[in-house]
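Working notes, beginning with the structure itself.
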Amino acid sequence: VQNGETGLLVLIDFPDFNLRLAGVAREAGVPVLYYISPQVWAWRSGRTKMIAGIVDRMAVIFPFEVPLYREAGLEAEFVGHPLMDTLGMPGDLPLSLAKNGWRGDPLIALLPGSRHKEVKFLLPEMIRAAQIISGKKSGAEFLLALAPSIHPEEVKDLLPPQDTRIQVVEGRTYEVLRAADLALVASGTATLETAILGKPMVIVYRVSPLSYWVARAMVKVKWIGLVNIVADRALVPELIQAKAKGEQIALEALRILEDGSYREEMVRGLAGVRERLGSPGAADRVARMALEMIIEK
């Protein structure tokens, strides 16, 4: 800020730090544009009025966030989800299959999460589910898509004998999802990625009992999976805590594989989720908002 100009502060996500910075900017008379809202819709909903007091405009990535901020007196605009820029274009599925030799019937993706504790809690149950599914579907193959934060050595001892065909794949999650018939997915952003690619899924979530008790006391949403939150209904099955067991995961997965009408309805619902996430170009829309604010000042 020089020569009497107020400038503009653009904040992106990271609310614990950025909300403090927004407060400093407000005191200095610098307008604030915030991109990727704090998840006040999930918890701490009372923070909307506080945010409205220190932020000038909010660029949100979920359409249901707009009325929450407008009710608090903050100008908010839905700009679309940035994942649509990454996943919005269809991939060359036949080429991916031919290149990698992923030809399971069915081919099932395992996405146990990006945090070490997630993998510790969820992967053994996903593998147990894979063993059960293999007993029912002799042609089944499984692709274990590891996040960059997880080293293959961490999962080596968890893998079953060769009678259950599980291939570890590093750094190619989107390829895996495009090729898969079904995904078993840890709750989180991966559920939206899977939805954008139109793949049926089972969401699993399991943490320590204390962590879950604290989270349930604070979270104010009906569902835990982002795909169901965006759909505003129980579109895909969620298996939480005690229900996130291999037997139950396999049961839900087999239902999707064997019940054609159930699977088709889920795929139609996932197309609706994708539509609700907007079109590619979120960053361009935020840039336009920033330019408007600079011109207005």
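The values are calculated or read from the model by the stated rules, or taken from the named source; none is laboratory data. Because the structure is predicted, anything quoted here is derived from the model rather than measured. So basically every Cβ, Gly included, is an ideal-geometry build from the backbone, and we count neighbours across all protein chains shown. Surface areas here come from the heavy atoms of the whole protein model, side chains and all, with no ligands, DNA or RNA. Shrake-Rupley method; radii C 1.70, N 1.55, O 1.52, S 1.80 Å.
For the stretch 48-86, the set of residues classified as of a type outside the set (A, V, I, L, M, F, W, C), over 23 Å from GLU296 (Cα atoms), open to solvent by less than 40 Å² (accessible area, probe 1.4 Å) and not in a helix (DSSP H, G or I) consists of GLY80, HIS81, listed by residue number.
The set of residues from the stretch 264-297 being basic (Lys, Arg) and in contact (Cβ under 8 Å) with a residue 60 or more places away in the chain comprises ARG274, ARG276, ARG285, LYS297. For the stretch 272-297, name all the residues that are open to solvent by less than 60 Å² (accessible area, probe 1.4 Å) and either under 27 Å from LEU111 (Cα atoms) or touching a helix residue (DSSP H, G or I) at 6+ places or on another chain (Cβ under 8 Å) (or both). Correct list: GLY272, VAL273, LEU277, GLY278, SER279, GLY281, ALA282.
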